[in-house]
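The structure appears below as structure tokens.
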Amino acid sequence: MKNFLLNKKWLILIFVVLTIAVLTTFLPTDKEEVVYVYTARHYGIEPVFIEFTNETGIVVKHTTASDAALRERIKAEGRHTNADVYITVDAGNLWLAVKDGLLRTIESSVVEKNIPANLRDPENQWFALTERVRTILYHPDRVSPEELSTYEALADPKWYGRLLMRPATHPYTQSLVASLIVAHGEEESEKIVRGWVANNPTLIDSDTRILETLAAGKGDVAIANHYYLGRLLESNPEFPVRIFWANQNVGERGAHVNITGVGVTKYSKNYQNAIRFVEWLSSPRGQKLFADSNHEFPANPTVEPHSIIAGFGSFVRDPINLTEYGRLQGAAVKLLNRVGYR
Amino acid sequence: MKSSSNGFIKSNRYLNWLPTLPLVPFLVALFVVLPVIVVASSLFTPNREIWEHLWSTILPEMTRNSIMLVVGVGFGTLILGVSLAWLVTAYNFPGRNTFEWLLILPMAIPTYILGFVYMATFDFAGPVQTFLRSHFDNLAWFPEIRSGGGAILVMTLVLYPYVYLLAKAGFQEQSQNYIDSARTMGYRPLKIFFKLALPLARPSIAAGVLLAIMEALTDFATVRFFNFPTFSDGILRIWHGLMDLPAASELAGLVAIFALILILGEQTLRGRSRFFQSTGKAQGISKISLNGFKAWIATLVCSLVIIISFFLPVAQLFSWTLLELGNLDANVFAVYTEFAFNSIKLSFLAAIFATAIGLILASAIRSSKSKFGFFLGKLATIGYAIPGAVIGVGIILLLSFIDHSLNEVYIWLGGTAIGLVFTGSLIGLIYAYIVRFMAVSFNSVDSSLQKIKPNVTSAARVLGANQWRVTWQIHLPLITPGIFVGFIMVFVDVMKELPVTAMLRPFGYDTLAVWVWQMAAESIWTGAALPALAIVATGLLPVYILTRVFSSSKS
Ligand SMILES: [Fe+2]
């Protein structure tokens, strides 16, 4: 019994200390220039934000969560939201944010100069920071590049048991299928995806693991984002997987590109700082840091891509309107469900 | 003396009316269930088109998988948890004292961490298969870890401590007399276990299994690693993929109803247990010493469980951390200390509030004795059966509504807008944890309360003690083990919690779990390893301290 009382006192003491600790976190901090960022991309962003603060004195405060959760939060917080800037890794999410009225027009000649029009929202409610290419990767011991051509061709039965893909839950798969729908219509796309499924692909919910599995000897061909190979090559230049730019022949639409994009929230309270922040991100300095942190292609054409991905060679991009990924995401998911792609 | 005591009873009757109505449980349950109601309200306006699509495509498979998961994890944790708890409570064998608390440790590992460790270790590209491939030509016999079986295995390994802890508390709370007299009457140990100890501990065991099942049902990260879509995964597929939050909430609402049935089912299981605890402090069961072969088997079994579920994965995390050491920033220690402090702070606050509210709710229901009050109590625990992401949405909708109303009132009074007070604050976050983990604290307290003989309470009430005195002076000491077990489990649960934390935390308020997830989502195992170890380490300390205090070897 005594033991218990002793513990109760301890608990009360700890509780009091913690309560004080919590209350102190509510104390107002010194008035400083800030920009609040809600970001769904989290890999390698801190150094970029710190550099921005060093150059401008504006402190970047950020929080990360899933795209949908962040959008839901901005929506519910409405005109009292703290968020100034929304960063996401899929154009579909930006389309949804625009549809829900969460963003505002970015009035900046700097951004318009830095970022080409096809990588910006028609009303400038968002623009791309970087491009990422979802393409075909293969093991050179088991596949020669002559055997490869298009995403569609992977539905050929000769790839039975040889494919590695990402599950239907991931936006990467969904956007790819949305791009098929734009190119071929739903009926034809369904046939293509059925062909993939008939080839019994190994589904792994991690592009890195897909490439590692390919390297270890399971499967011969994968669909993955280019920068995962960049990352693996950086730590091991001998990594035995090669990249193949899909759909490059004459009359084909080009490789499937998605973006990391940024928008300024409708009710941003630090609008000036938000504009300075996104302008800096579109500038050569910001672009270089942001793109290289994840081996992505800078949206600003004056900025050189990282040497590793520059080594992948040049390629033609699917000229699709990026907002289609958002508009057709629901259709793509239903299609995937219908054909049994899990 | 007699007349004055009579007068005391009389005057107190008027004070007593309040707790006898289920008003307190009603208010508390409302507080806890409100965010769930906010999201589940879309059940009343179902979207037919989406449901037809789901029913003709992925819903049957998800239903099948969810049932498999519930049955698999339920049986797995039941067998592992109960047998280990009985072993350390009723027997002495080499290392027993150490195993008693060691066996709780897997609880400190978040399911998704064990998930990715097992995945990265045992899948095709992992070290085990890579090693085997260099020695064998054909590895077709190697089980596919990325499967329902893998998910059930991993979840059983991290969730059995729930059953183990509660079963152990259940066995410890038993009066020594029953077991001892059965032993002197010459009953075989197995018979004593099945006929006496097990029925006596059944409320606690059922509560533990229920917790494990719910935890498995709401897991979204591990099942995704293992390509095993369950309802929880389906909810996210509908929300994120089909961009239909109302339809996702409808599925969540259906799962919650399914869970409510489970919860009420568990109660009927408990209803059949008619044993009560009468004395103040149980002496616990006196232990039989195992010798020779039997003793070594016991030691071996305990060692195997703890090695597979804890030491191997922790060793893997350590080796990843070592690989990462070269890349670490100089200030990484400060950063992780801050994350760890944030995690501990949240866990402690949430555990304190959840335990206190659970205690109030459980004892108010017990004193109200009404069917409605009983139902309210069960309803209040529903948050445990709902994926964190859905609760997060409910909390955001509710708090932002309050915040917006507050602002309007302020402006109407002539002030300026005060912005968001609750949304994105620690208050909102703690609130969400309480909603999510009420089942843990409530069930722990409630299962202990149920073992108190009703006439202990009645006697006190007849003597004029009011409800709160009954709770404080009579119940509290009797149910201390239950309270502490509930406290530990909420603490550790919050430590590991991910979707609610990610969604509701204040700006720049990162926790260890959030950091692990961000790394793991990018498959950067080596980067995830250090914060994962930190979660395990931070979770271990309270687990260790509190289990030492309530060790069965002490009396
Ligand atoms: Fe990615």
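The values are calculated or read from the model by the stated rules, or taken from the named source; none is laboratory data. Just so it is clear, the structure is predicted and the values come from calculations on it, not from any experiment. FYI the Cβ positions are ideal-geometry reconstructions off the backbone, even for glycines, and counts take in every protein chain you see.
Assess whether residue A:331 counts as being over 18 Å from residue A:112 (Cβ atoms), in contact (Cβ under 8 Å) with a residue 40 or more places away in the chain and among the small types (Gly, Ala, Ser). When the stated conditions are applied, residue A:331 passes them. For region A:138-145, the condition of being more than 14 Å from the ligand (Cβ to nearest atom), more than 30 Å from residue B:233 (Cα to Cα), more than 14 Å from chain B (Cβ to nearest Cβ) and free of Cβ contacts under 8 Å to residues at least 60 places away in the same chain holds for at least one residue. Screening residue A:130 with (1) buried (at least 20 other Cβ atoms within 10 Å of the Cβ); (2) assigned to a loop (DSSP other than H, G, I, E, B) gives one miss only, at (2).
Checked against (1) at pLDDT below 90; (2) facing chain B (nearest Cβ under 8 Å); (3) assigned to a helix (DSSP H, G or I), residue A:78 passes all but a single condition, namely (1).
Counting only helices (runs of 4 or more DSSP H) wholly contained in region B:66-149, the ones carrying 1 or more residues that are under 20 Å from residue B:167 (Cα atoms) occupy B:96-102. For region A:28-74, filtering for residues that are part of a helix (DSSP H, G or I), more than 9 Å from chain B (Cβ to nearest Cβ) and under 23 Å from the mean Cα position of the chain (by Cα) leaves 9. Here residue A:91 meets each of (1) under 28 Å from residue B:402 (Cβ atoms); (2) within 16 Å of the ligand (Cβ to nearest atom) with one exception, condition (1).
Could you say whether any residue in region A:120-130 is basic (Lys, Arg) and within 16 Å of the ligand (Cβ to nearest atom)? Scanning region A:120-130 turns up no residue that is basic (Lys, Arg) and within 16 Å of the ligand (Cβ to nearest atom).
With respect to the conditions (1) within 16 Å of the ligand (Cβ to nearest atom); (2) buried (at least 20 other Cβ atoms within 10 Å of the Cβ), residue A:106 lacks only one, and its number is (1). For region A:212-230, which positions are facing another protein chain (nearest Cβ under 9 Å), among the aliphatic types (A, V, I, L, M) and either surrounded by fewer than 23 Cβ atoms within 10 Å (Cβ to Cβ) or within 16 Å of the ligand (Cβ to nearest atom) (or both)? Within region A:212-230, A:215, A:216 meet the criteria. Evaluate region A:266-278: report whether one residue or more is within 14 Å of chain B (Cβ to nearest Cβ) and within 16 Å of the ligand (Cβ to nearest atom). Checked against the condition, which is being within 14 Å of chain B (Cβ to nearest Cβ) and within 16 Å of the ligand (Cβ to nearest atom), region A:266-278 yields no hits at all. A single member of A:168, A:224, A:183, A:153 is farther than 25 Å from residue B:130 by Cα, at pLDDT 95 or above, not acidic (Asp, Glu) and not in a helix (DSSP H, G or I), and it is A:168.
Give me the residue from region A:233-259 that is modelled with pLDDT of 95 or more and of a type in the set (Val, Ile, Thr) and, out of that set, surrounded by the fewest Cβ atoms within 10 Å (Cβ to Cβ). Ranking the qualifying residues of region A:233-259, first place goes to A:241. Only a single criterion out of (1) in contact with a Pro (Cβ under 8 Å, 6 or more places away or on another chain); (2) on the phi > 0 side of the Ramachandran plot is not satisfied by residue B:95, namely (1). Counting only residues that are facing chain A (nearest Cβ under 8 Å) and either among the small types (Gly, Ala, Ser) or under 20 Å from the mean Cα position of the chain (by Cα) (or both), region B:505-519 holds 2 of them. Annotation note: Cβ proximity below 7 Å between a residue of region A:121-132 that is away from chain B (no Cβ under 14 Å) and a residue that is among the charged types (D, E, K, R) and within 16 Å of the ligand (Cβ to nearest atom) (sequence gap 6+ or interchain) occurs for A:130/A:296; A:131/A:296. Assessment of region B:409-421 against the conditions (surrounded by fewer than 24 Cβ atoms within 10 Å (Cβ to Cβ), modelled with pLDDT of 85 or more and more than 23 Å from the chain's Cα centre (by Cα)) yields at least one matching residue.
Considering only residues in region A:281-302 that are within 16 Å of the ligand (Cβ to nearest atom), crowded, with 21+ Cβ neighbours inside 10 Å and touching a residue at least 24 places away in the same chain (Cβ under 8 Å), the one that is nearest to residue A:313 (Cα to Cα) turns out to be A:297. When the residues of region B:225-241 are narrowed to those that are farther than 19 Å from residue B:392 by Cα and at pLDDT 90 or above, which ends up surrounded by the most Cβ atoms within 10 Å (Cβ to Cβ)? Per the criteria, the residue is B:230. Between B:528, B:520, the distinction of being within 16 Å of the ligand (Cβ to nearest atom), modelled with pLDDT of 85 or more, part of a helix (DSSP H, G or I) and surrounded by 23 or more Cβ atoms within 10 Å (Cβ to Cβ) belongs to B:528 only. The listed residues are B:82, B:163, B:158, B:88, and the only one of them that is within 30 Å of residue A:342 (Cβ to Cβ), buried (at least 24 other Cβ atoms within 10 Å of the Cβ) and either in contact with a Gly (Cβ under 7 Å, 6 or more places away or on another chain) or in contact (Cβ under 8 Å) with a residue 12 or more places away in the chain (or both) turns out to be B:158.
Do the conditions hold for residue B:179, that is, is it under 16 Å from residue B:219 (Cβ atoms) and among the β-branched types (Val, Ile, Thr)? In short, no. Examine region B:24-37 for a residue that is of a type in the set (A, V, I, L, M, F, W, C), within 11 Å of chain A (Cβ to nearest Cβ) and assigned to a helix (DSSP H, G or I), and state whether such a residue exists. Scanning region B:24-37 turns up no residue that is of a type in the set (A, V, I, L, M, F, W, C), within 11 Å of chain A (Cβ to nearest Cβ) and assigned to a helix (DSSP H, G or I).
Quick check: is even one residue across region A:201-210 away from the ligand (no atom under 14 Å from the Cβ) and either more than 28 Å from residue B:520 (Cα to Cα) or small (Gly, Ala, Ser) (or both)? Checked region A:201-210: no residue is away from the ligand (no atom under 14 Å from the Cβ) and either more than 28 Å from residue B:520 (Cα to Cα) or small (Gly, Ala, Ser) (or both).
Test residue A:188 against the criterion of being over 17 Å from the mean Cα position of the chain (by Cα), within 16 Å of the ligand (Cβ to nearest atom) and in a helix (DSSP H, G or I), and give yes or no. Judged against the criteria, residue A:188 is not a match.
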